[in-house]
Amino acid sequence: MPYEFLKKEAQALGVTLSPSRLEKLRQYTRLLLDWNERFNLTAVKEERAIAERHYLDSLTLLKAYSFAQGARLLDVGSGAGFPGVPLKLARPDISLTMLDSLNKRTVFLAELSREMEQDNEIIHGRAEELAHKTQYRESFDAVTARAVAPLPLLCELCLGLVGPGGVFLAMKGPGAEEELKQAKSAIEIMGGRLEAVERFTLPEAGGRSVIIVKKISQTPPKYPRSYGKMSKTPL
């Protein structure tokens, strides 16, 4: 694990990684690479690339948005735990829920949470179904998604889970402007308003964007639709 590189770049984002937190990330890397041999959790296998493309990329959210103390955060399509687990490591006060549609990933996330000593809620399911369950609909202070779907679909998938006054944080590459044009209608229909686009440049991986959408009104009860319908006819 390239400790000094990660520590320095995180500091530039305003995140202090203590020796104990860096040790936790080393454990994370070891567990990820071990499980990856069996379950193909990530295509990134070199330790410096993991540090930058996964850990550092996740931590850009803390620079892009100021989470309230004890904020309830949902990570949609969490996969191997990004961005949720690195965020929780840097901000232990955050209440983290991770959602993934593949059972093998949720099994990994449960093991990872134990290894990281995090009391995370892990759900095996789909966002478009979770958003119609009473205990989760419009109940999170923040919802984030990274490398899951095009922005118009993401807005329909995620905004129904964001509570009033909360935010949806979409993690994207450098081409955010074009996706935003396509997602304008979806943002409005789902009760959102574009607040900001925060841009970052990772040392080797290049441009990143965090699209911040604030929840200003309730999502109509019929949304989100099934994934098939939203894919066929995006909002």
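Roughly what % antiparallel, to the nearest 5, for the DSSP beta bridges in the chain?
Working: 16 of 35 bridges.
Around 45 percent of the beta bridges assigned by DSSP in the chain are antiparallel ones.
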Cα centroid separation, the stretch 216-235 to the stretch 92-125 (Å): 26
If I take the Cα coordinates of the chain and project them onto the principal axes, what are the three extents in Å, biggest first? 46, 33, 33
Would you mind classifying the stretch 1-116 by shape? Square roots of the alpha carbon gyration tensor eigenvalues, ordered a ≥ b ≥ c; an a/c under 1.5 is rounded, otherwise it is prolate if a/b is larger than b/c and oblate if not. oblate
Is it possible to state the helix-based mean residue ellipticity at 222 nm for the chain, with each DSSP H run of 4+ residues giving -39500 (n - 2.57), the sum divided by total residues, to the nearest 500 deg cm²/dmol? What is it? -12000 deg cm²/dmol
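Can you give the charge dipole size of the chain about its Cα centre, rounded to the nearest 20 debye, using +1 on the beta carbon of Lys and Arg and -1 on the beta carbon of Asp and Glu? Intermediate values should be presented prior to the final figure.
Numbers: 33 positive and 29 negative charges, 89 e Å.
Around 420 debye, computed over the chain.
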When the Cα centres of the stretch 131-183 and the stretch 1-32 are compared, how far apart do they sit, in Å? 27
Lys and Arg at +1, Asp and Glu at -1: neighbours of GLU115 with Cβ under 14 Å from its Cβ sum to +1
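Here, each number is a calculation from the coordinates, and none is a lab measurement. Being a predicted model, the structure only gives us computed values, none of them experimental. Methodologically, a virtual Cβ is constructed for each residue, glycine included, from the backbone with ideal geometry; neighbour enumeration extends over all protein chains shown.
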